[in-house]
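Notes for the one structure printed next.
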Amino acid sequence: MPVVRCPGERVKVVVAEDGLLGGVDVGTTHVKVGLFDRWGGCVAAVRRETPRELPALVAVVSDALGECAARAGRGPEAIGIAGMAETGVPLDSSGRPLSPMLWWNDPRGAEEAARLGRDAVALYALTGRWADAKAPLAKWLWLRAQAPEVLRAMRWWASVPDALAYELTGVLRTHPTLAARTLAYDVRRGCYDEDLLALAGLSADRLPPVVSAVEPVGGLAAAIPGVAPGVPVVVAGHDHAVGSWAAGVRRPGDVADSLGTAEAVMVPARERPDPRTGLALGVTADPSLDGTGTVLVGGLPTSGAMLDWLLDLLSPPTGDDPAHSRPGERRDYTALPGLLAGVPLPTGIVVEPYLRGRVAPAPDRDRRVAVSGVGSGHGAGDLLAAAVEGTCLHVRWMLDELTAVTGTAPERLAVFGGQVRIPLWMRVKAAVSPVPVEVVRSDDAVCAGAALIAGQAGGSLHDVPVLPREPMPSDPALQAAYLPQYERFLTRATAHDTPEAGTQKHTRSCSTEQEHQ
């Protein structure tokens, strides 16, 4: 691997003009692995279901990297890893997993999180988030109470990207956007908080050291056919943050929408919000990928999951024993284009897409799916299209609230993720968006972004190329037709708010931390 040593600077990877870069994106449902050129063009890609245990995940990623190298005829010159943050695994002193991976959507830790949340304002001021069961700190507290032998034997906790990089290099490191999701990281000082860790009987030396997104963790030590030993491996960061950066959303005024099983709206801000405002809106205040600012993130946990759920209900069983099939085994995505074809828009059906409660911009953990306007003339395709409308209308609501609280006026919305491949979804997204929509044209923006970040190892994130974006054509008639449906959606979504939401959702003041104190 050619490198350039600059006086007073760390070693920088120099990628050959025709060199390839490897990207890995570990998602809730799928692992995406690819080789890309220096501008993010995909040369080879593999998509696999995400395993539930670390050894299987390492095997899947290693095999996929080898397969991509075989297809491309050569291996990558650097490898970047991104993925979900809260999912992780306890490792013993030899680096072996002490349990299956503990997933962000695992409800264990809910009681512990409730106790942590008693001083929610102070916790948010410190960490930029509130206590919930998906936070690793809640899982550590659960382990302390329910499986103390695991916590005692745990030498390291590693989020999924960290653990994968460790298995490939033998070196354990993490990125601030991943560390911040532990609920034990002080976003103001940029370090773990010893008092929060002490609640679980832990200390900072049992968590991975934090490095920047362009600082290599180490050289590849695992044997992967077609991939040279010693290739730099980089922990690029949290998947949403990596995709957003690759999409060119890097400063206040830029906005990104990351679609997947869950959906996230990301709005760079000049300063952190008042903790009470952040809590009221149900948004997190994350470190920016380059560490120079804050990104407000509003989430819809059941975006793609809403469509998956409906497809599970509507698709005929495919197994021999449908009564014992698992969610997803009956799902028939090949039927989706036919079901959506010819559905008139707007559907006139209002869907609130809350399978597991609502997070932002008006938190309500008890909110559930609600459907109105369905008649005998509607079919399965209409209901699926209405679910798409519901997610898009909810994201429009989040976008309105987040841009208001940050005082920004975005010029366009960069959209990336799996749903960009569904034409009806993008048509609705463009029609309900308050600003023009630009679709990131990449098979996987997070995977490509991780690769491009690895290509700048030892250098600067600001030299990472921006992936191509294609403007969605506007349809003024459709935009006008959706305005009444948006008003109907807001009326229903804001009706009967719980005290948790109450008057919070329209709190739009944003102050510095000093003003709050």
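Scan (1) over 30 Å from VAL43 (Cα atoms); (2) over 19 Å from the mean Cα position of the chain (by Cα); (3) crowded, with 23+ Cβ neighbours inside 10 Å for the single condition LEU383 breaks and write down its number.
Unmet condition: (3).
Tell me, yes or no, whether region 16-38 has at least one residue that is within 13 Å of LEU452 (Cβ to Cβ), of a type in the set (A, V, I, L, M, F, W, C) and either exposed (fewer than 14 other Cβ atoms within 10 Å of the Cβ) or modelled with pLDDT under 90 (or both).
No: region 16-38 contains no residue that is within 13 Å of LEU452 (Cβ to Cβ), of a type in the set (A, V, I, L, M, F, W, C) and either exposed (fewer than 14 other Cβ atoms within 10 Å of the Cβ) or modelled with pLDDT under 90 (or both).
Being in contact with a Gly (Cβ under 8 Å, 6 or more places away or on another chain), surrounded by 20 or more Cβ atoms within 10 Å (Cβ to Cβ) and at pLDDT 95 or above is the requirement here; does ALA256 meet it?
For ALA256, the condition - in contact with a Gly (Cβ under 8 Å, 6 or more places away or on another chain), surrounded by 20 or more Cβ atoms within 10 Å (Cβ to Cβ) and at pLDDT 95 or above - is met.
The rows are residues; the columns are (1) open to solvent by less than 40 Å² (accessible area, probe 1.4 Å); (2) modelled with pLDDT of 95 or more; (3) not basic (Lys, Arg).
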site: THR177; (1), (2), (3): yes, yes, yes
site: TYR185; (1), (2), (3): yes, yes, yes
site: LEU197; (1), (2), (3): yes, yes, yes
site: PRO209; (1), (2), (3): no, yes, yes
site: GLY219; (1), (2), (3): yes, yes, yes
site: PRO232; (1), (2), (3): yes, yes, yes
site: ARG250; (1), (2), (3): no, yes, no
site: MET266; (1), (2), (3): yes, yes, yes
site: GLY282; (1), (2), (3): yes, yes, yes
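Across region 386-401, which residue is nearest to LEU311 (Cα to Cα) among those that are charged (D, E, K, R) and either within 19 Å of the chain's Cα centre (by Cα) or surrounded by fewer than 24 Cβ atoms within 10 Å (Cβ to Cβ) (or both)?
Filtering region 386-401 for residues that are charged (D, E, K, R) and either within 19 Å of the chain's Cα centre (by Cα) or surrounded by fewer than 24 Cβ atoms within 10 Å (Cβ to Cβ) (or both), the one nearest to LEU311 (Cα to Cα) comes out as ARG396.
Which condition does SER325 not pass, out of (1) surrounded by 14 or more Cβ atoms within 10 Å (Cβ to Cβ); (2) at pLDDT 60 or above; (3) over 22 Å from GLY418 (Cα atoms), if it passes all the others?
Unmet for SER325, out of (1) surrounded by 14 or more Cβ atoms within 10 Å (Cβ to Cβ); (2) at pLDDT 60 or above; (3) over 22 Å from GLY418 (Cα atoms): (2).
Residue by residue through region 450-462, note down the ones that are crowded, with 24+ Cβ neighbours inside 10 Å and not β-branched (Val, Ile, Thr).
Those that are crowded, with 24+ Cβ neighbours inside 10 Å and not β-branched (Val, Ile, Thr): ALA450, ALA451, LEU452, ALA454, GLY455, ALA457.
Pairs, please: C-beta under 8 Å, at least 6 apart or cross-chain, first residue in contact (Cβ under 8 Å) with a residue 24 or more places away in the chain and over 16 Å from LEU20 (Cβ atoms) and in region 52-70, second of a type in the set (A, V, I, L, M) and in a loop (DSSP other than H, G, I, E, B)?
Every condition considered, the pairs that remain are ARG52/MET101; GLU53/MET101; LEU54/MET101; LEU57/MET101; VAL58/ALA222; SER62/ALA222; SER62/ILE224.
Across region 411-445, what is the total count of residues that are under 21 Å from the mean Cα position of the chain (by Cα) and not in a strand (DSSP E or B)?
15
If we scan region 386-401, do we find a residue that is β-branched (Val, Ile, Thr) and assigned to a loop (DSSP other than H, G, I, E, B)?
No, that holds for no residue.
Could you please let me know if ALA360 is modelled with pLDDT of 65 or more and touching a Gly at 6+ places or on another chain (Cβ under 8 Å)?
yes
Buried (at least 21 other Cβ atoms within 10 Å of the Cβ) and touching a residue at least 12 places away in the same chain (Cβ under 8 Å): does that describe VAL43?
When the stated conditions are applied, VAL43 does not pass them.
This table checks each residue for (1) modelled with pLDDT of 95 or more; (2) surrounded by fewer than 24 Cβ atoms within 10 Å (Cβ to Cβ).
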site	(1), (2)
GLU215	no, yes
PRO225	yes, yes
VAL235	yes, no
TRP245	yes, no
LEU289	yes, no
GLY293	no, yes
VAL297	yes, no
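What do you reckon, is ASP444 modelled with pLDDT under 95, touching a strand residue (DSSP E or B) at 6+ places or on another chain (Cβ under 6 Å) and not small (Gly, Ala, Ser)?
Yes, satisfied.
For region 362-377, how many residues meet the condition of being touching a residue at least 24 places away in the same chain (Cβ under 8 Å) and either of a type in the set (Ser, Thr, Tyr) or closer than 17 Å to PRO337 by Cα (or both)?
Selection size over region 362-377: 1.
Could you tell me whether CYS447 is buried (at least 24 other Cβ atoms within 10 Å of the Cβ) and touching an Asp or Glu at 6+ places or on another chain (Cβ under 6 Å)?
In short, yes.
Please work out if ALA269 is touching a helix residue (DSSP H, G or I) at 6+ places or on another chain (Cβ under 6 Å) and closer than 24 Å to GLY117 by Cβ.
Yes.
With respect to ASP205, determine if the residue is over 25 Å from VAL121 (Cα atoms), outside any loop (DSSP other than H, G, I, E, B) and open to solvent by 10 Å² or more (accessible area, probe 1.4 Å).
yes
Answer yes or no: is there a residue in region 57-76 that is modelled with pLDDT under 95, under 23 Å from the mean Cα position of the chain (by Cα) and either more than 22 Å from HIS175 (Cβ to Cβ) or surrounded by 22 or more Cβ atoms within 10 Å (Cβ to Cβ) (or both).
no
For region 337-367, name all the residues that are touching a strand residue (DSSP E or B) at 6+ places or on another chain (Cβ under 7 Å) and open to solvent by 40 Å² or more (accessible area, probe 1.4 Å).
Within region 337-367, VAL359, ARG365, ASP366 meet the criteria.
Test GLU389 against the stated conditions and say whether it is touching a strand residue (DSSP E or B) at 6+ places or on another chain (Cβ under 8 Å), in contact (Cβ under 8 Å) with a residue 24 or more places away in the chain, among the acidic types (Asp, Glu) and under 30 Å from PRO252 (Cβ atoms).
For GLU389, the condition - touching a strand residue (DSSP E or B) at 6+ places or on another chain (Cβ under 8 Å), in contact (Cβ under 8 Å) with a residue 24 or more places away in the chain, among the acidic types (Asp, Glu) and under 30 Å from PRO252 (Cβ atoms) - is met.
The values are calculated or read from the model by the stated rules, or taken from the named source; none is laboratory data. Because the structure is a prediction, the values reported are computed rather than measured. Cβ sites come from the backbone with ideal geometry, for glycine too, and all protein chains shown count toward neighbours. Side chains are part of the model used for accessible areas, which takes the heavy atoms of the whole protein and leaves out ligands, DNA and RNA. Shrake-Rupley method; radii C 1.70, N 1.55, O 1.52, S 1.80 Å.
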